[in-house]
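What follows is a short report on a single structure.
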Amino acid sequence: MEGLYQYFSQESNLLLIYLLLFTIILGFEVISKVPTVLHTPLMSGANAISGVVIMGAILLIRQAQPDDYLTLSLGALGVTLGMVNVVGGFAVTDRMLEMFKKKKKQKS
Amino acid sequence: MAFTFYINLAYLIGAIAFVWGLRQLSSPDTARRGNILAALGMSVAIIATMLMPLSSAPNNYAWIFGSMALGGVIGLVSARRVQMTAMPQMVSIFNGLGGATAVVLAIGELLPYYSGATALNSGERLIVLLALLIGGVAFTGSMLAFGKLQGLVNDSKVTFRGHNIFNLVLLAATIIMGGWLVMGGTTPGLIIALVFTALTLVYGFSFVAPIGGADMPVVISLLNSFTGLSAAAAGLVYNNKIMLVGGILVGASGTILTVLMCEAMNRSLTNVLIGGFGTSAAAGGAKGSGDQVVKEVGITDAAIQLFYSGSVMVVPGYGLAVAQAQKVAKELDDLLSANGVEVRYAIHPVAGRMPGHMNVLLAEADVPYPKLLDLEEANAALPSTDVVVVVGANDVVNPAAQDDPSSPIYGMPVLEVWKAKNVIIMKRSMRTGYAGIQNPLFFHERSSMLFGDAKDSIGKLVQEVKNM
């Protein structure tokens, strides 16, 4: 309990909680009216963004001792998986959206 | 220090790019720009993370660049190669990898904690375990979803009697163990932490196991939202604002899609998760088949019907994706349109295996998107439509949803194809749909069945129409 109390009493942590709450509201506001056509690209685009976890893995590697192979391997695994998620996610979304764009021109 | 200022500025730019990019992603005109913007934001943030000054950090850049190159190449190649029909599988895998990354990070935090190298207070332990729990569920859940979509896993093989109760017990055990780890400090030890990890992974698998078929879009959306939340939790662990913002945005978008999918099926999320379909379907399927007869139609007759009609409405479903029939369908569309037939497509929100699945397939086949009607538009247009062609869709055109209170899908908004003058249903066999429910539409007086592989059948129709 002590630790929880400590955590929430710290100004910087509190600001983080504020940021969290406001981002939730912002997120719902920004994405609330998405048309059916875009459900798949939105999902895969958002998916790519969830690859931000890769930054945690980068920090893990940067802070590890050069002979701490366990942490380094964990970090490398994290960076690799995260990178597949990020690069693959954005690339595949772009491929899909490219197809939608063509349609737009035909219409006009 | 001026350098730190630039790093913070880069993070801020990255976060704004995510928000703005997602905003643009939700409108067809700006979607592509939005995606590129978000990708740029990600690049800026990653570069900032690499350069960020860390006191006395060994950096190990070789490890970082090596694994980034490896992951980047794998990601790029698979994104280029994947078939549009396999998009749900692809999204599931990518999604699972995001969850796996969060798990790896959490373990990376827990190992030094239990070996005594670092200290975490209970608030920090809570967040690390949360990232582990949500990420773990998202990881194995997505992998199983992939297996199901790819047809590698049969639903009945991974479920057993009392599965829902087992899931509840498992979840309770996982949470209690997590509580112990949060409260108990280093006392429970690394072994218990690893058992906890294993439990989250088993739970993710077990929680997706009973959910299948038509419910897939809901699960995929939900898992998407989980991955986002695990990224946000990891952001709290590292006190990294952009991870927090990015993760929450994904969580929000996944949640919105989950709600939309549930609404499209007129079911609550709990109902989907507890798996209402599997259990009650048998009761609903028993009636209906009996003495009723099915009318069959041959290729030539079907082609004549289509050729001499004024308007045609195509209702695509998962079968279209399985048969990879979107391009021949477009060919048929072109031929008919050239002869003055008005061809349009009716897209049910949960048609296919992920939100918007059919739209992507038809876009790939160059069908202009003004031709795609959503549920309401299609139902308004159906009574004046001459011929409806149902390609591999089943539950979304089931009249039982409107007139049979005993049906498991009663109340789900459906496409009222039976109001059109004629309905041609392309199906491989008389088997029930993925939800396992008998469809009275097949016995309707205006319906006729065209058996065979969808791609094959449409290909033959194209030949017939060409010869007319």
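Quick note: the coordinates plus some simple rules give every number you see, no bench work behind them. Predicted, not measured: the structure shown is a model, and the values here were computed from it. As a convention, Cβ positions derive from the backbone with ideal geometry for all residues, glycine included, and neighbour counts pool all protein chains shown.
State, as an integer percentage, the relative contact order of region A:35-108 based on alpha-carbon contacts under 8 Å between residues 6 or more apart.
42 percent
Sort A:I54, B:I134, B:I47 so that the residue with the fewest other Cβ atoms within 10 Å of its own Cβ comes first and the one with the most comes last. It would help to have the intermediate numbers written out before the result.
Working: A:I54 33, B:I134 28, B:I47 13.
Fewest-to-most ranking of A:I54, B:I134, B:I47: B:I47, B:I134, A:I54.
Students often get this wrong: which residues of region B:4-41 have the backbone nitrogen under 16 Å from the point 7 angstrom along Cα-to-C-beta of A:E29?
B:16-24
Over the C-alpha atoms of the protein assembly as shown, what are the Rg and the largest Cα-to-Cα span, Dmax, in Å?
Using the Cα atoms of the protein assembly as shown, the pair Rg, Dmax is 25.4, 83 Å.
What whole number of Å gives the distance from the Cα centroid of region A:1-73 to the Cα centroid of region B:1-79?
Using only Cα atoms, the two centres lie 13 Å from each other.
Once you place label points 7 Å from the Cα toward the Cβ at B:V293 and B:R428, how far apart are they in nm?
Here the answer is 2.8 nm between the modelled labels.
For B:I175 and B:E342, what is the calculated FRET efficiency with R₀ set at 51 Å and r taken between the beta-carbons, to the nearest 0.05?
0.35
With unit charges on the beta carbon (Lys/Arg positive, Asp/Glu negative), name the residue among A:A57, A:L74, A:G89 whose Cα is farthest towards the positive pole of the charge dipole of region A:35-108.
A:G89
Using the Cα centre of the protein assembly as shown as the reference point, and only Cβ charges (+1 on K/R, -1 on D/E), how large is the resulting charge dipole? Debye, rounded to the nearest 20.
It comes to approximately 780 debye.
Hey, can you rank A:56-68, A:15-27 by average C-beta count inside 10 Å, highest first?
Result, highest mean Cβ count within 10 Å first: A:56-68, A:15-27.
Compute the relative contact order of chain B as a whole-number percentage, counting only Cα pairs closer than 8 Å that sit 6 or more residues apart in sequence.
After rounding, I find 14 percent.
At 24 Å minimum axial length over the Cα atoms and a Kyte-Doolittle cut of 0.5, report the qualifying DSSP H helices in chain B, or say none. Each step should come with its number before you reach the end.
Numbers: long enough: B:2-25 (34 Å, 1.33); B:31-51 (30 Å, 1.29); B:61-81 (30 Å, 0.99); B:87-114 (41 Å, 1.05); B:122-149 (39 Å, 1.45); B:163-183 (30 Å, 1.65); B:189-208 (30 Å, 2.23); B:216-237 (31 Å, 1.60); B:241-265 (36 Å, 1.68).
Those that pass (Cα extent of 24 Å or more, hydropathy at least 0.5) are B:2-25, B:31-51, B:61-81, B:87-114, B:122-149, B:163-183, B:189-208, B:216-237, B:241-265.
Rounded to the nearest 500, what is the 222 nm mean residue ellipticity of chain B from helices alone, with -39500 (n - 2.57) per DSSP H run of 4+ residues and division by all residues?
-20500 deg cm²/dmol
Which of B:A420, B:I36, A:L26 sits farthest toward the positive end of the charge dipole of the protein assembly as shown, with +1 on the Cβ of Lys and Arg and -1 on the Cβ of Asp and Glu?
Final value for the positive-end residue is B:I36.
Suppose each label sits 7 Å from its Cα in the direction of the beta carbon; what would the B:Y6-B:T300 distance come out to in nanometres?
For the pair B:Y6/B:T300, the computed spacing is 7.7 nm.
Quick one: net charge around B:P413, please, counting Lys, Arg +1 and Asp, Glu -1 for every other residue with C-beta under 10 Å from its C-beta.
-3
Where does helix A:89-107 land angle-wise versus the long Cα axis of chain A, in degrees 0 to 90, nearest 10?
The helix A:89-107 is inclined about 20 degrees to chain A.
Between B:S115 and B:S27, how many nm apart are label points set 7 Å from Cα along the C-beta direction?
If labels sit at B:S115 and B:S27, their model points lie 5.2 nm apart.
Can you compute the FRET efficiency between B:A198 and B:Q463 using 1/(1 + (r/R0)^6), with r the Cβ-Cβ distance and R0 = 51 Å? Round to the nearest 0.05.
With a Förster radius of 51 Å, E is 0.35.
Along the charge dipole of chain B, Cβ charges K/R +1 and D/E -1, which of B:P368, B:F442, B:F307 sits furthest on the positive end?
Most positive-ward Cα: B:P368.
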